[in-house]
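So the structure is just underneath, and the comments pick up after that.
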Amino acid sequence: GRLPQRFFEAVRATLDSATTQERFIAEPLAAALAALGEATAQVQAAGPEASEAAFGCDELLRAWTLTLLGWNWLRMHRAAQRRGDGFAQAKRVTAEYYATRMLNQVPLLCRSAVQNAGPMLELEAELF
C-alpha cells in the first residue's frame, strides 16, 4: 500500500542525509528498514485473506514499531547535537543503546513474521 511506502521513503530520505557521526544508528536503521520492507511486501503479496499473514502479525508489528522508534532516535540525536551539551551526550548514548540493542531485533522479527505457519494452522481447534 501507499502508506508503508510513504514511511519507507521518509526514512530513506533521513538516512540519505545521515552524517558519518550518525553512522552508529543509520546503518542498523537501514538494515532494519530493508528487512521490514521485504517482510511487508511478502505479507502484502499474500493478500488480506491469508492466514499466514495473520499468524506473523505480532512479530511484524513489533518490527514496525522498533523501526519507527529507530528513525525517531536518529532524528532526536540529530536535533540534540545542535545543543552540544550534556543533554546532547545523553541522547547520543541512548541512541547508541537503541541502535545496538533494539534495532538488531528487526531482521529476526521480520524473518519470523513470514515463516510458514502451515503446521500450526493444520491443527484441529480442539487440540489447543
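Here are a few things to note about the model shown:
- Filtered residue count, segment 16-26, keeping only those that are open to solvent by 20 Å² or more (accessible area, probe 1.4 Å) and either under 13 Å from Leu68 (Cα atoms) or not in a helix (DSSP H, G or I) (or both): 3
- A search for C-beta distances below 7 Å between a residue of segment 14-25 that is at negative phi and any residue that is open to solvent by 30 Å² or more (accessible area, probe 1.4 Å) and assigned to a helix (DSSP H, G or I), counting only pairs 6+ apart in sequence or on different chains, returns Thr14/Trp71; Thr14/Arg75; Leu15/Ala30; Glu22/Arg78; Phe24/Glu96; Ile25/Trp73.
One line per residue, one yes/no per condition, for (1) closer than 15 Å to Glu96 by Cα; (2) of a type outside the set (Ser, Thr, Tyr):
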{"position": "Glu9", "(1), (2)": "no, yes"}
{"position": "Thr14", "(1), (2)": "no, no"}
{"position": "Thr20", "(1), (2)": "yes, no"}
{"position": "Ala30", "(1), (2)": "yes, yes"}
{"position": "Gly37", "(1), (2)": "no, yes"}
{"position": "Thr40", "(1), (2)": "no, no"}
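- Pairs are defined by a Cβ separation below 8 Å, a sequence spacing of at least 6 or placement on different chains, a first member in segment 68-97 that is open to solvent by 70 Å² or more (accessible area, probe 1.4 Å), and a second member that is not hydrophobic (A, V, I, L, M, F, W, C); the pairs so defined are Leu69/Tyr98; Arg75/Thr14; Met76/Lys91; Gln81/Gln21; Gln81/Lys91; Gln81/Arg92.
- Scoring Gln115 on the criteria (1) part of a helix (DSSP H, G or I); (2) in contact (Cβ under 8 Å) with a residue 24 or more places away in the chain leaves a single failure, condition (1).
- Close contacts from segment 26-40, counting a first residue that is closer than 11 Å to Leu15 by Cα and a second that is among the small types (Gly, Ala, Ser), with Cβ to Cβ under 6 Å and a gap of 6+ residues or different chains, come to Ala26/Ala18; Pro28/Ala99; Leu29/Gly70.
The values are calculated or read from the model by the stated rules, or taken from the named source; none is laboratory data. All values reported here derive from a predicted model rather than from experimental measurement. Cβ: placed from backbone, ideal geometry, glycine included. Neighbour counts: every protein chain shown. Just the protein is used for accessible areas: all its heavy atoms, side chains included, with ligands, DNA and RNA removed. Shrake-Rupley method; radii C 1.70, N 1.55, O 1.52, S 1.80 Å.
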